[in-house]
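The values are calculated or read from the model by the stated rules, or taken from the named source; none is laboratory data. Treat the numbers as computed from the prediction; the structure is a model and nothing was measured. All Cβ positions, glycine included, derive from the backbone under ideal geometry; neighbour counts span all protein chains shown. When the accessible area is computed, the model is the full protein with side chains, heavy atoms only, and any ligands, DNA or RNA have been set aside. Shrake-Rupley method; radii C 1.70, N 1.55, O 1.52, S 1.80 Å.
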Amino acid sequence: MRAVLDYCGGATKREVPAGALVLHEGSKTGHLFALLEGRLEVVKGDSVVAVLSEPGAMFGEMSVLLDQPHTATVRAASDSVVYEFDDAAAFLRGQPAVALLIARLLAQRLNVATTYLADLMHQYGGHGNHLSMVGELLQSMINLPPSQVSPGSDRQSDSRL
């Protein structure tokens, strides 16, 4: 994700001391972030679910793309520097290369999650416990209706399609 750093010229560069929150689960900021240096922890509830240390690592994208509150808290595990895009939606509309990088990142995450869930389904599907519901979860992920997200641009779509 280092390639993202080439597009951060218009962002606010922000120093974040160790222990400080960059964003809080449940808040809705409309901001997108890219790590320049340091180490950040992604916290869901009381659990650290990921550590970001690679320059260019992005976070806040799910909230921006879904227009929903942030799904996790991000805090600095060490003194860090981040780029912050205040109007992330406008930034992504103007930088389709970054939007494509984020799409690839999200596709990778989804691939890992569905592969893991499919493996659980294979291992525990016939056991009659809560893990047998994995197949239903996978099916519901596939059949989720789009949530007010329209692909492409803001231009009128072609009615012939």
Label point distance in nm, Ala97-Ala118, each placed 7 Å from Cα along Cα→Cβ: 3.3 nm
Given axes a ≥ b ≥ c from the Cα gyration tensor, I'd like to know whether the stretch 1-92 is rounded (a/c under 1.5), prolate (a/b larger than b/c) or oblate. oblate
State the percentage of accessible surface on the stretch 1-84 attributable to carbon and sulfur atoms; use a 1.4 Å probe and exclude ligands, DNA and RNA. 49 percent
For Leu32, which sequence-distant residues (separation of 5 or more, or a different chain) have an amide H within less than 5 Å of its own amide H, given hydrogens modelled in the peptide plane? Phe85, Ala88
Report, by chain and number, residues whose modeled amide H sits under 5 Å from the one on Ala11, excluding near sequence neighbours (fewer than 5 apart, same chain). none
Residue by residue through the stretch 13-18, the couplings from Karplus 6.51 cos²θ - 1.76 cosθ + 1.60 with θ = phi - 60°, in Hz, x for Gly and Pro, are 8, 10, 8, 10, x, 3
Leaving out ligands and nucleic acids, note down the accessible area per residue over the stretch 24-113 with a 1.4 angstrom probe, in whole Å². 50 Å²
With the crude spin-label approximation of a point 7 Å out along Cα→Cβ, what separation in nm comes out for Asp87 versus Asp6? 2.5 nm
Under the Karplus relation 6.51 cos²θ - 1.76 cosθ + 1.60, θ = phi - 60°, what is the ordered set of whole-Hz ³J(HN,Hα) values for the stretch 58-74, x standing for Gly and Pro? 9, 8, x, 5, 5, 4, 5, 5, 8, 6, 9, x, 4, 8, 7, 9, 10
Taking placed amide H atoms and a strict 5 Å upper bound, the residues 5 or more places from Asp79 or on another chain that come that close are Ala18
